[in-house]
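A.B. asks: Pasting a structure below so you can have a look.
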Amino acid sequence: MPPRQRLRLVLVGLGASVVPLDTAVNIGFPDITRSFGLPIQMIQWVVICYVLTYASLMLAFGRAGDIFGHARVFRAGLAWSVAAFLLCAAAPAYGWLLFCRFLQGIGAGLIISVAPALVTGLYPESRRSRAVAAFTMIFALASAAGPLIGGALVNVWGWPAVFWFRAPLALVPLAFFAGRSDAITAPRRDALDLVGAVLLVSTISSLLLFINEVPRLGHQNWSAVPLLALAAFGAYAFLRHEARFPAPIVDLAFFRELSFVAINLASVVVYLTSFSVLLFVPYYLVRVVGLRLPSAGAFLAASFGGAIAASPIAARLIEHVRASHVALAGAALGGLGLIAVGGPNIGPLADIPLILAALIVQGFGVGLFQVAYTDAVLGAMPQRDRGVAGSVAMLTRTLGVVGGATLLTLLFNTFEASAVAAGHAAPAAFVAAFRSTLHAAGGVSILSGLAALGLAKTRRR
């Protein structure tokens, strides 16, 4: 790659990294609840306002990038994010912080909807898998660095620092790309489907809110049912509208191919099951193994480290082996890693190397799958729709994480309640539920990899 292109890759990666660096906000949760005098359960809205916004807008923004130019949308996202980061850091009250997180979600949606298209545009199409690997490495590295950076910043400057430290990171690529006419991708003359965008946003946001409310279903609390009805109606109206609109946001013909649907569903499942690492492993390491929180955070970074190591290997494999086989191997390895983390002999301090190795294997598997899956989606759709294709890949990841936060918690609570009912003390019940949940998640991940075999029928373009 020429030095000029390499510089652009670094700058696009730096700009895109402000989104996965949001993992730093999790470290600021205790300080946020203390500063605003909040009960712990209220902190979930700091996540919901942000994730709900960018997840529901990604596809529409991806189409906007395909129409108006990916670099232009990327610049808009960087500029918007700089303002949102500073507003979040300056929020005087919890309500203002939530509103500013909504604004931050808009910026994140603009950035990550077109970032995959920008990165792949820097490589020849024959080396697309290497572009995907580069983007995967950037995303994993930033996700791993977020908690480490956030912990150090919060310790000195408090929770606002987890927001404002990303403003200069976004300003650097923004300054480089500002005013440049040599955009990486050229715009085209199509009408943006505003009605379809509104229907899509309402459908995805209603679905994500419903998933978040699932734990409260029953016990005479059916408040989530209208959200499901709204999501179903929105999906029906969106599909009807898109079938008639001459330039739809998403070409529905791709979703009539079983292989395309299978690999996207497999992606949701893989990310759903792998979220069990972030959700439960920190508690296990602190409560059972006895590690301090900084050490537990370093252990979690091992999973991201595995994904970083897997990315270039996956790119080279895809050049010689069917992407479906790479995806299957990734899902299987990720599942085996989860099963090993919840293995029968963990617990004593002496088993720390085994847990570390299992986390690396799990992350390595997810890295293989992510590169193969993203390459498959980008290859299945025309280059002119590269913004939408990248947004589809990012959306399935988000749906999996949101679903994992809800469904895995329900599963864990069920296993824990069964252990308590069987006479186990609370610590033993926690360990039993942890093991059972990780084993179940690992098994489901392995099974989902079988769906990735549908990639064999996906036509590369």
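The values are calculated or read from the model by the stated rules, or taken from the named source; none is laboratory data. This is a predicted model, so every value here is computed, not measured. Heads up, the Cβs are rebuilt from the backbone with ideal geometry, glycines too, and the neighbour counts pull from every protein chain shown.
A.B. asks: Mind listing whichever residues of segment 319-349 are under 20 Å from residue 261 (Cα atoms), at pLDDT below 90 and among the hydrophobic types (A, V, I, L, M, F, W, C)?
C.D. replies: Hits for segment 319-349 are 323, 326, 327, 328, 329.
A.B. asks: Which members of segment 349-408 meet the condition of being hydroxyl-bearing (Ser, Thr, Tyr) and more than 29 Å from residue 319 (Cβ to Cβ)?
C.D. replies: Taking segment 349-408 and keeping what is hydroxyl-bearing (Ser, Thr, Tyr), we get 373-374, 391, 396, 398, 406.
406, the sole residue that qualifies.
A.B. asks: Could you tell me whether any residue of segment 375-387 is over 20 Å from the mean Cα position of the chain (by Cα), over 25 Å from residue 260 (Cβ atoms), of a type outside the set (S, T, N, Q) and assigned to a helix (DSSP H, G or I)?
C.D. replies: The answer is no; no qualifying residue exists.
A.B. asks: Would you confirm whether or not segment 286-301 contains a residue that is under 12 Å from residue 367 (Cα atoms) and either under 20 Å from the mean Cα position of the chain (by Cα) or without any contact (Cβ under 8 Å) to a residue 60 or more places away in the chain (or both)?
C.D. replies: Taking every residue of segment 286-301 in turn, none turns out to be under 12 Å from residue 367 (Cα atoms) and either under 20 Å from the mean Cα position of the chain (by Cα) or without any contact (Cβ under 8 Å) to a residue 60 or more places away in the chain (or both).
A.B. asks: Considering every residue within segment 419-436, establish whether at least one is at pLDDT 85 or above and under 29 Å from residue 205 (Cα atoms).
C.D. replies: No, segment 419-436 contains no residue that is at pLDDT 85 or above and under 29 Å from residue 205 (Cα atoms).
A.B. asks: Also, I was wondering about something else. Quick check on this structure: which one of 17, 56, 35 is of a type in the set (S, T, N, Q), assigned by TED's automatic domain parsing to the domain that holds residue 165 and under 13 Å from residue 162 (Cβ atoms)? Break it down into steps so the answer makes sense when it comes.
C.D. replies: Details: 17 fails: under 13 Å from residue 162 (Cβ atoms); 56 fails: under 13 Å from residue 162 (Cβ atoms).
Selected residue: 35, the only one of 17, 56, 35 that is of a type in the set (S, T, N, Q), assigned by TED's automatic domain parsing to the domain that holds residue 165 and under 13 Å from residue 162 (Cβ atoms).
A.B. asks: Look at residue 266 and say whether it is crowded, with 20+ Cβ neighbours inside 10 Å and aliphatic (A, V, I, L, M).
C.D. replies: Criteria met by residue 266.
A.B. asks: Scan segment 365-385 for residues that are surrounded by 24 or more Cβ atoms within 10 Å (Cβ to Cβ) and of a type outside the set (Val, Ile, Thr) and report the count. Spell out how you get there, then give the answer.
C.D. replies: Quick first cut of segment 365-385, residues surrounded by 24 or more Cβ atoms within 10 Å (Cβ to Cβ) only: 365-378.
Checking the rest, the ones that are also of a type outside the set (Val, Ile, Thr) come to 365, 367-370, 372-373, 375-376, 378.
Going through segment 365-385 one residue at a time, the tally reaches 10.
A.B. asks: Could you tell me which of the residues 12, 25 is of a type in the set (Val, Ile, Thr), crowded, with 17+ Cβ neighbours inside 10 Å, at pLDDT 85 or above and over 19 Å from residue 130 (Cα atoms)?
C.D. replies: Checking each option against the conditions leaves just 25.
A.B. asks: Something else: In segment 409-436, which residues are part of a helix (DSSP H, G or I) and of a type in the set (Gly, Ala, Ser)?
C.D. replies: Of all residues in segment 409-436, those part of a helix (DSSP H, G or I) come to 409-421, 426-436.
Matches in segment 409-436: 417, 418, 419, 421, 426, 428, 429, 432, 433, 436.
A.B. asks: Which one of 43, 27 is in contact (Cβ under 8 Å) with a residue 24 or more places away in the chain, out of contact with any Lys or Arg (no Cβ under 8 Å at 6 or more places or on another chain) and among the aliphatic types (A, V, I, L, M)?
C.D. replies: 27
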